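The values are calculated or read from the model by the stated rules, or taken from the named source; none is laboratory data. Because the structure is a prediction, the values reported are computed rather than measured. FYI the Cβ positions are ideal-geometry reconstructions off the backbone, even for glycines, and counts take in every protein chain you see.
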Ligand SMILES: Cc1cc2nc3c(=O)[nH]c(=O)nc-3n(C[C@H](O)[C@H](O)[C@H](O)COP(=O)(O)OP(=O)(O)OC[C@H]3O[C@@H](n4cnc5c(N)ncnc54)[C@H](O)[C@@H]3O)c2cc1C
């Protein structure tokens with residue numbers, strides 16, 4: 001099997017890279033290279049540049065502004081963004097909600113929400129997980145009781161990324177507590193975050209950042225026309241949403257960018273009297289990671305090739321393999337960066353010295369290394385934990 005890119009695909013990659021070079025703020029790019037995330041406004045500005053170019057919502061149908069790219073073109077686009085590095089497309093708007101509304105939404109929902117989602121005029125967040133419902137999502141309890149033209153929503157969501165900066169939340173709620181099967185009593189609602197009765201409480205994560213939240217609903221009135229698809233059929237919508245986006249799931253572009261950063265840094269750090277980059281142990285680790293990236297790249301191309309021959313619309317169970325290995329590589333490369341910094345990578349060190357007014361004893365990049373390393377521990381949890389992905393593989397592939 002020939003897994004090389006065609007001449008047209010290479011030309012496409014060059015076009016995407018040229019656009020990024022021309023349009024991405026170099027200062028943001030450098031901050032992202034050393035591990036910072038973009039701010040909300042930077043993400044919005046970038047998304048709007050892509051939207052103007054017609055590249056903001058690749059997986060959407062063409063009539064709603066989607067691009068008619070092949071799966072390989074989408075992969076090339078995602079990897080160019082990740083390895084630049086540039087801000088990712090805002091996932092809740094673009095990869096989750098957009099395709100759902102395009103597929104299940106009413107004409108009014110499509111006309112109002114889709115253009116606003118593409119341009120990030122509304123920032124969406126995802127209200128699925130609850131304290132007792134993560135991997136076992138169908139156990140969710142947040143209740144929505146119908147009263148005339150409204151649902152009255154009561155309950156709690158947790159781990160809601162960016163809820164504190166969101167305008168809207170798409171949430172799974174229980175509309176029939178007596179349904180025969182727990183999947184059958186769930187509906188999918190679009191809720192304005194400004195509605196009275198919503199409280200957002202921060203959860204500060206291990207890297208010290210505020211990305212996660214708890215969201216409480218206390219008699220929140222939601223118009224019935226903000227329900228997507230039929231009442232009690234929200235599980236169909238959720239399955240579509242979760243299975244929809246598979247392109248770029250391995251985030252190999254990001255792992256490659258991490259590896260490059262580690263090697264760059266190792267040129268500046270000395271170990272045993274020589275640059276760390278010349279150390280045999282270090283070179284061995286880099287080589288191992290490079291081989292793993294290459295192997296996953298080939299697997300990814302095979303999954304894409306197989307998907308183009310499938311017509312049942314179901315996600316390929318092998319995409320679980322991409323998620324497992326992809327997140328393991330993200331963690332391995334961020335660990336290599338931390339090890340390259342050694343004791344200098346302690347996050348407090350450089351900043352404490354600055355606070356004392358002394359010259360920093362570590363280069364500036366060293367102070368930024370720990371946060372992404374710590375936060376990437378979560379990569380094997382969100383988006384379906386790696387244990388759950390292994391279960392999917394066992395069931396579908398090994399048939400255990
Ligand atoms: C950084 C981050 C961002 C997130 N953002 C969002 C968000 O924006 N919106 C949202 O709705 N949710 C979000 N989540 C929640 C995420 O989807 C859940 O954390 C995830 O689904 C796991 O659920 P849980 O935390 O309840 O763990 P549990 O499901 O309780 O799992 C605990 C442990 O048990 C294991 N386990 C559970 N069931 C099985 C099984 N059947 N077989 C083998 N092992 C099993 C799990 O793998 C895990 O190791 C986020 C999570 C994180 C960490």
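If I ask for residues that are closer than 17 Å to residue 234 by Cβ and more than 7 Å from the ligand (Cβ to nearest atom), which ones from the stretch 114-132 would you list?
124, 130
Looking at 172, 252, 242, 189, which one is buried (at least 22 other Cβ atoms within 10 Å of the Cβ) and either at positive phi or at pLDDT below 95 (or both)?
Values: 172 fails: either at positive phi or at pLDDT below 95 (or both); 242 fails: buried (at least 22 other Cβ atoms within 10 Å of the Cβ); 189 fails: either at positive phi or at pLDDT below 95 (or both).
The conditions single out 252.
Could you list, in sequence order, the residues of the stretch 117-129 that are surrounded by fewer than 21 Cβ atoms within 10 Å (Cβ to Cβ) and out of contact with any strand residue (DSSP E or B) (no Cβ under 9 Å at 6 or more places or on another chain)?
Once the filter is applied, which keeps residues that are surrounded by fewer than 21 Cβ atoms within 10 Å (Cβ to Cβ) and out of contact with any strand residue (DSSP E or B) (no Cβ under 9 Å at 6 or more places or on another chain), the stretch 117-129 yields 119, 121.
From (1) assigned to a helix (DSSP H, G or I); (2) more than 14 Å from the ligand (Cβ to nearest atom); (3) under 30 Å from residue 333 (Cβ atoms); (4) in contact with a helix residue (DSSP H, G or I) (Cβ under 8 Å, 6 or more places away or on another chain), pick out the condition that doesn't hold for residue 183.
(3)
So which helices (runs of 4 or more DSSP H) stay within the stretch 326-400 end to end and still have 1 or more residues that are at pLDDT 95 or above, within 16 Å of the ligand (Cβ to nearest atom) and farther than 22 Å from residue 257 by Cβ? Before you say what the answer is, go through the steps one by one.
Details: elements: 347-356, 370-375, 386-393.
Ranges flagged: 386-393.
Looking at the structure I just gave you, is residue 297 touching a residue at least 24 places away in the same chain (Cβ under 8 Å) and in contact with a helix residue (DSSP H, G or I) (Cβ under 9 Å, 6 or more places away or on another chain)?
Values: touching a residue at least 24 places away in the same chain (Cβ under 8 Å): yes; in contact with a helix residue (DSSP H, G or I) (Cβ under 9 Å, 6 or more places away or on another chain): yes.
So residue 297 fits the description; yes.
If you go through the stretch 266-281 one residue at a time, how many are free of Cβ contacts under 8 Å to residues at least 24 places away in the same chain and not in a helix (DSSP H, G or I)?
Here is the first cut: in the stretch 266-281, the ones free of Cβ contacts under 8 Å to residues at least 24 places away in the same chain are 267, 270-275, 277-281.
Now narrow it down to the ones that are not in a helix (DSSP H, G or I): 270-275, 279.
So the count comes out to 7.
Which residue is farthest from residue 218 (Cα to Cα), if the candidates are limited to the stretch 135-161 and must be in a loop (DSSP other than H, G, I, E, B), near the ligand (Cβ under 7 Å from one of its atoms) and touching a residue at least 40 places away in the same chain (Cβ under 8 Å)? Full working, then the answer.
Looking only at the stretch 135-161, we keep the residues that are in a loop (DSSP other than H, G, I, E, B), and these are 135-136, 140-142, 148-149, 159-161.
Those left that are additionally near the ligand (Cβ under 7 Å from one of its atoms): 135-136, 159-161.
Pick out the ones that are also touching a residue at least 40 places away in the same chain (Cβ under 8 Å) and you get 135, 159-161.
Working: 135: 25, 159: 18, 160: 17, 161: 20 Å.
Across the stretch 135-161, the extreme among qualifying residues is 135.
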